[in-house]
Amino acid sequence: MRKSDKKVDNLIRGVLTEVCEDTLKGYDGFLWVTHTVNFSSFPQSLKIICVFETNQDRANFLQGEGQQHVSKTIQKAFNKAGVQLKNVSKQISYDIK
């Protein structure tokens with residue numbers, strides 16, 4: 001990993017840690033958020049994965065306003081960090097552990 005890649009990864013982890021702490025407080029069954037990225041095509045290659053305890057927890061989250069709230073929270077957090085995500089809703093997925 002190049003030094004510049006490490007800086008980008010630290011930025012991503014910092015932003016997602018903030019988002020995770022906010023999301024843990026508001027949604028039952030939410031466990032953590034993780035990511036994958038190809039540093040040579042960041043931020044387009046960034047994939048964010050929100051992980052839930054059960055299928056039912058994920059379904060409840062997606063049926064309510066959780067998905068919209070988390071998408072906006074992620075978008076704002078990356079904007080604040082100086083990173084523009086063009087289509088944040090396509091860069092986020094929801095999974096179970």
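The values are calculated or read from the model by the stated rules, or taken from the named source; none is laboratory data. In this text the structure is predicted, and so the values were computed from the model without any measurement. For neighbour counting, all protein chains shown are included, and Cβ atoms are generated from backbone atoms with ideal geometry for every residue, glycine included. Surface accessibility is based on the protein's heavy atoms, side chains included, excluding ligands, DNA and RNA. Shrake-Rupley method; radii C 1.70, N 1.55, O 1.52, S 1.80 Å.
For the reader, a short list of remarks on this structure follows.
- Beta bridges per DSSP with both ends in the chain, % antiparallel, nearest 5: 55
- Residue order for 2, 58, 13 - accessible surface, 1.4 angstrom probe, largest first: 2, 13, 58
- For region 1-95: rounded, prolate or oblate by the Cα gyration tensor [a/c cutoff 1.5]: prolate
- If R0 equals 22 Å, the separation of the Cβ atoms of residue 90 and residue 34 corresponds to a calculated FRET efficiency of about 0.80.
- Among the GluC sites (Glu not before Pro) in region 1-96, those placed in a DSSP loop whose Cβ has at most 16 other Cβ atoms within 10 Å are 53, 65.
- Averaging Cα coordinates gives a centre for region 10-57 and one for region 62-97; these two points are 8 Å apart.
- Nonlocal amide H pairs with residue 96, under 5 Å, H built at 1.01 Å: 52
- Long hydrophobic helices in the chain, taken as whole DSSP H segments with a C-alpha length of 30 Å or more on their own axis and mean Kyte-Doolittle hydropathy at least -1.0: 3-26.
- Chain lengthening between residue 9 and residue 60 when straightened (0.36 nm per residue, less Cα-Cα): 15.3 nm
- Restricting attention to region 38-97, the count of lysine pairs at 8 or more positions apart or across chains with alpha carbons under 15 Å apart stands at 6.
- Whole-Hz Karplus values for region 30-35 come out as 6, 10, 6, 10, 9, 7 Hz, taken residue by residue from phi with 6.51 cos²θ - 1.76 cosθ + 1.60 and θ = phi - 60°; glycine and proline positions read x.
- Mean residue ellipticity at 222 nm, helices only, the chain: -17000 deg cm²/dmol; runs of at least 4 DSSP H residues each add -39,500 (n - 2.57), and the sum is divided by the number of residues.
- Using a Förster distance of 22 Å, the FRET efficiency for residue 83-residue 25 (Cβ separation, nearest 0.05): 0.40
- Interchain or long-range residues, amide H under 5 Å from residue 35's placed H: 49
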